[in-house]
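Contents: one structure, followed by commentary.
What follows is calculated from the coordinates using simple rules that are stated; it is not laboratory data. Everything numeric here is computed off the predicted structure, so don't read it as measured data. We place every Cβ from the backbone using ideal geometry, glycine too, and count neighbours over all the protein chains shown.
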Amino acid sequence: MSSGLFSIARSALLTHQVALQTISQNVANAETPGYSRQEAVLVPNTPHRMPNGVMGTGVKVATVIRKRDVLLDESFRSSNAMSGDASMRRDLLGRVEAVFGEPSDAGMTNALDLFWNAWSDLSAQPSSLAARAVVQQRGRQLSQLFNDYDTQLTTLRAGNLERL
């Protein structure tokens, strides 16, 4: 009978030694970013059936589990993915914005203003050959600018499709 009691005591000491090691690891990593606390799960050993009852055989460590909040983990992963998407979108839109280069003297706003002003001048002097030439020149400049935008945006699109 005394060997049974010593066996139970030995089992308890060894089990709690593992539990203390788990606790000391938690304390040592308390300030470590991203570390999640661990817990030793204790369960009873299989008891012995005796003629006059059941006799316990001590305790053991079933497993060591991480104490994590599943909802927080899910929220973090979701937010992290959304952050990555937003970052990628920001970078892409920054490159698109660089293509248009607004506001500037070489941008679309200025080219459209010059084009419509040339038409306005032509409407004031419909028979003027110079005004007609200016409308044609501004139209060519505008179409060249649109073609340049198309080329740059197509290149940007192809580069982003390769990255995906």
Along the charge dipole of the chain, Cβ charges K/R +1 and D/E -1, which of Asn26, Phe115, Leu71 sits furthest on the positive end?
Asn26
When N counts the residues of the chain, how does its alpha-carbon radius of gyration compare numerically with 2.2 N^0.38 Å, as a ratio?
2.49
Determine Rg/Rh for segment 101-157; Rg is computed over alpha-carbon atoms and Rh is the Kirkwood hydrodynamic estimate from the same atoms.
1.10
Note, segment 55-67: 3J(HN,Hα) by Karplus (6.51, -1.76, 1.60, θ = phi - 60°), whole Hz, Gly/Pro = x, goes 10, x, 10, x, 9, 9, 8, 6, 6, 10, 10, 8, 8
Evaluate segment 2-68: find the radius of gyration of its Cα atoms, find its Kirkwood radius, and give the ratio Rg to Rh.
1.16
Can you tell which of Leu161, Met50, Gln137 lies farthest toward the positive end of the dipole of the chain, using +1 and -1 charges on the Cβ of basic and acidic side chains (Lys, Arg; Asp, Glu)?
Met50
With a Förster radius of 41 Å, plug the Cβ-Cβ distance of Ser79 and Tyr149 into 1/(1 + (r/R0)^6) and report the FRET value to the nearest 0.05.
0.70
If amide hydrogens are placed 1.01 Å from N in the peptide plane, which non-local residues have theirs closer than 5 Å to the one on Val59?
Ala12, Asn45
Could you state the number of Å between the C-alpha centres of segment 71-130 and segment 1-47?
63 Å
Can you list residues from other chains, or at least 5 along the same chain, whose modelled amide H is less than 5 Å from the amide H of Leu42?
Ala62
Dipole magnitude of the chain about its Cα centre (Cβ charges: Lys, Arg +1; Asp, Glu -1), debye to nearest 20:
1040 debye
In nm, spacing of pseudo-spin labels at His16 and Leu71 (7 Å Cα→C-beta vector):
3.5 nm
Per-residue HN-Hα couplings for segment 99-110 [Karplus 6.51, -1.76, 1.60; θ = phi - 60°; Hz; x = Gly/Pro]
4, 6, x, 8, x, 7, 6, 9, x, 5, 4, 5
